[in-house]
Structure formats: structure tokens, C-alpha cells
Amino acid sequence: MKKYSFLVTAIMLVLLTGTNFDIAYSQKISEQKEVAIFKSYYTYDIPPNVVNKLDDGIVNLFATMKRFKLQGYQFRLSESNLDSFIDKLSKLKEEKITKDQKFVDPKWGTITISPEDLEKLLKSAYIIIPNIKSYGIEEKEDESHKVYYEVTMGLSLKVFDPNSKEIIHVIDVKTTTSGKSSPIVEMITGIKGRNLTKEETVNQCVDGILAQIKYELRKVEAFKLYTTINDISNGKYFIELGKNYDINPGLELDIVGEKKITIGGKERTIKEYKGLVRVVNVEEDFSEVIPIFGEPKIGDQLVDGLRFGGIFKLFLGIQNVEYSDPQDTTLLTFLTSGEA
């Protein structure tokens, strides 16, 4: 009887004092998403080779991230026609399509979609619609009167969900690349003092835009990396997913959970960060991680930490990197985006 009395007293104490306690977190493990990618639309006078570089680069980016099963389409749509196209797609989703569908775009003319392509499109979980928002190239001279080029490019990606019939996320990125000789340019050319050519500068600008898009895609909730600690053996920690989801050594993952707290007599659920792990070895469908802080347990939920890091090398200065060598003991700190 005394045992039951003590239990009741303990429960009442928790309820009265508002003590918080952990609750089971609904574990998620990311799966590949079906996406359809359109060609970029634009209103600027942009050389076709630049547009093609961007289009090919975007498709290749989605393919190499391994988070997506993708279909590439040759459609281009004007922004003014996007809403009506989406509305038409939403209506066709409810119908059985047996013949080609034609869409008239004021800039790109008539777009014809076969029943087979339309069926694949409507079955996609998401539709990616790129828009080249700005492009410019300027010829300049350096101190030695040698010509170099400066390229500016802006791009947005709309992520459309056919099921909810909504644009669920918009990515906006912009970058400017100079082809003027610098230590970084010399690393690219292998020649000291040589400026990049116009084509090389454009290529570097496209690569810069794609790197920004990759980082922004990692932020999209529908595409975010979630995994769990699935085994602990001989002091080693293992997680689900590996090369099959483009996980690389150096990636940092937050250990997250949920906690119920009582404030002012009202129960609330909050998200809490319990620790941090870093990937050190990657296999096809699993990876090994090491704890940075916290005490990982089997079943813990992990999510992409979305960090950029700073690595200090003696005599070489400071450089910004997305991922670092996990064995590199010169690593000082990692900053969340926006802290730097």
C-alpha cells in the first residue's frame, strides 16, 4: 500500500509543479521524392548556351543529390502563364487523359504534352520550375590592362505540390563571379596572373549558383535529410542511409526530440536539441557517426544540421567550407548559417 501511495504522490508532484518530461519523437527516415523538372523560363536576352548550362546543371544537381527520382521535361513557361498552367494540371489530375494536351504560352508558343508524359507529370510528388531572374556580363580591365569578365546571375526555383495545388517553397539565389586573376582563379587555371576567359567565368558563375541551390534545397522540409541511430556496437554509432542518399564524411546531424512542458497550467510541446554527431565513414546504405556532444541512443532522431564551417590551417589562413575532414584536428568550430 505504501508503494502505491508513493507513486500517486510522485505523479501529483509532477502535475502540480509543472515538471517537464521527454516524449517519444516520431522517427523519420528520408526517402527519395519523385520530382519533375521543367526547363528554365526567362525574360532577359540570355545566350542559349548559358541557359542550357543552367538547365543541364539543375537536372544533374538533383540527380547527384540522390534524394530524388526525377523526370526532365523540355517545357518552358512564362511566369505570367504559370498559374493557369498549374490550374489546368490540377483539373487534368481528375480526368483520364487519352490524347495530347496543348498549352499556349505567350512567349514560348504552343506546348504539346503526350498522355504518357502527362501521366508521369501528374504522378510526380513535386514539380520544379526554374526562373532565370537576372543575367549580366561586363567586360573590364585589370591594373595591367588585361581583359577579364564579371558575370552576375540570379535564379529562383518554385517547388509546386500537385496534390495541395500550391507552391510550397521558393528558392531565390544570386551570385556575381569575377574572372580577374586571384589565388582562387590561379588554382583553376594553373597559371599565375591569367584572367579567366568569358566562358570560364560563366561556368564558374553557374557552378556558384548551383552550389547555392544545393544548400537551399537541403532546407526545404519536404527534401530535408532525416535519419536515426540504428545501432551502437563496440563504441561505434551507425545511422540509416549512406551513399544512396548522398551522405558524405563531415556532414553534421543534430539529435532532436520533443518535450512536453507545463507553463501556467497549460501543457505545451516544444522541440529540443539533444546533441550533435558527425559522419566519419559512409557505406552504400548506412554510415558511421561520432558524437560531438550529447549521448546518442538507438532510435534517436537525426536531422541535417545545415552548417557551414570554418577551418583554420597554419600558415594558410581561414577558408569557408561546407563539409570538413572529420579527422582534421585543426577544426575549430562550426557555425549555423547566418552566424558567420
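When each of the peptides 45-52, 273-280, 248-255 is scored by the mean number of other C-beta atoms lying within 10 Å of its residues, the order from highest to lowest reads 248-255, 273-280, 45-52.
Between ILE261 and ILE298, the FRET efficiency estimated from the beta carbon spacing at R0 = 30 angstrom works out to 0.75. Annotation note: GluC sites (Glu not before Pro) in the stretch 136-240 located in DSSP loop regions with a Cβ neighbour count of at most 15 within 10 Å are GLU143.
Whole-percent P(r), the stretch 134-185, all Cα pairs, 10 Å bins from 0: 21, 31, 21, 15, 10, 2.
Cross-link check: pairs LYS69/LYS180; LYS120/LYS219; LYS39/LYS146; LYS165/LYS266; LYS69/LYS133 evaluated at a Cα-Cα cut-off of 29 Å; pairs beyond the cut-off: LYS69/LYS180; LYS39/LYS146; LYS165/LYS266. All other residues whose Cβ lies under 15 angstrom from that of SER30 are scored, Lys and Arg at +1 and Asp and Glu at -1, for a net of +1.
The amide H of LYS69, built 1.01 Å from its N in the peptide plane, has LYS33, GLU34, VAL35 as neighbours under 5 Å, considering only residues 5 or more places off or on other chains.
Values in this text are rule-based calculations from the coordinates and carry no lab data. The structure presented is a predicted model; accordingly, all values stated were derived computationally and were not measured. Because the Cβ atoms are built from the backbone with ideal geometry, glycine has one as well, and the counts that use them run over all protein chains shown.
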